[in-house]
Amino acid sequence: MKLTVEISMYPFMENYIEPIQWFIDRVDQYDNIDRVTNAMATQICGEYADVMSLLATEMQAAHQKWGKAVFVCKFIGGELDLSHKQ
């Protein structure tokens, strides 16, 4: 089963761009995950277990490296076309 997630990271620091870009760069290391980022959020899509594993690993790594940060996620069961534009 596929899973699509929209995720936003809100680091508790003045230089918030660096940890967000770091997180996105780490997501890009997963060949089995599709990613699209816009000005407000990042969407990722892949096999359900792969996406959940990525989130657990990378959110923990972000908290360990950068300290406090809020992650806001929307989970949609199934695969969405991340290239869709209205």
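The values are calculated or read from the model by the stated rules, or taken from the named source; none is laboratory data. The structure presented is a predicted model; accordingly, all values stated were derived computationally and were not measured. So basically every Cβ, Gly included, is an ideal-geometry build from the backbone, and we count neighbours across all protein chains shown. Heavy atoms of the whole protein, side chains included, go into the accessibility calculation; ligands, DNA and RNA do not. Shrake-Rupley method; radii C 1.70, N 1.55, O 1.52, S 1.80 Å.
Residue 36: surrounded by 13 or more Cβ atoms within 10 Å (Cβ to Cβ), within 9 Å of the chain's Cα centre (by Cα) and in a strand (DSSP E or B), yes or no? Considered against the rule, which asks whether it is surrounded by 13 or more Cβ atoms within 10 Å (Cβ to Cβ), within 9 Å of the chain's Cα centre (by Cα) and in a strand (DSSP E or B), residue 36 comes out as no.
Scanning segment 61-76 for residues that are open to solvent by 100 Å² or more (accessible area, probe 1.4 Å) and either of a type in the set (S, T, N, Q) or assigned to a strand (DSSP E or B) (or both) yields 64, 74, 75. Among the candidates 58, 79, the residue that is acidic (Asp, Glu), open to solvent by less than 70 Å² (accessible area, probe 1.4 Å) and either at pLDDT 95 or above or in a loop (DSSP other than H, G, I, E, B) (or both) is uniquely 58. Quick one: is residue 50 part of a helix (DSSP H, G or I), of a type in the set (Asp, Glu) and without any contact (Cβ under 8 Å) to a residue 12 or more places away in the chain? For residue 50, the condition - part of a helix (DSSP H, G or I), of a type in the set (Asp, Glu) and without any contact (Cβ under 8 Å) to a residue 12 or more places away in the chain - is not met.
One residue stands out in segment 39-54 among those that are out of contact with any helix residue (DSSP H, G or I) (no Cβ under 9 Å at 6 or more places or on another chain) and among the hydrophobic types (A, V, I, L, M, F, W, C): the one that is surrounded by the most Cβ atoms within 10 Å (Cβ to Cβ), namely 51. Considering the conditions (1) more than 21 Å from residue 83 (Cβ to Cβ); (2) of a type in the set (A, V, I, L, M, F, W, C); (3) free of Cβ contacts under 8 Å to residues at least 12 places away in the same chain, residue 39 is excluded by exactly one of them, (1).
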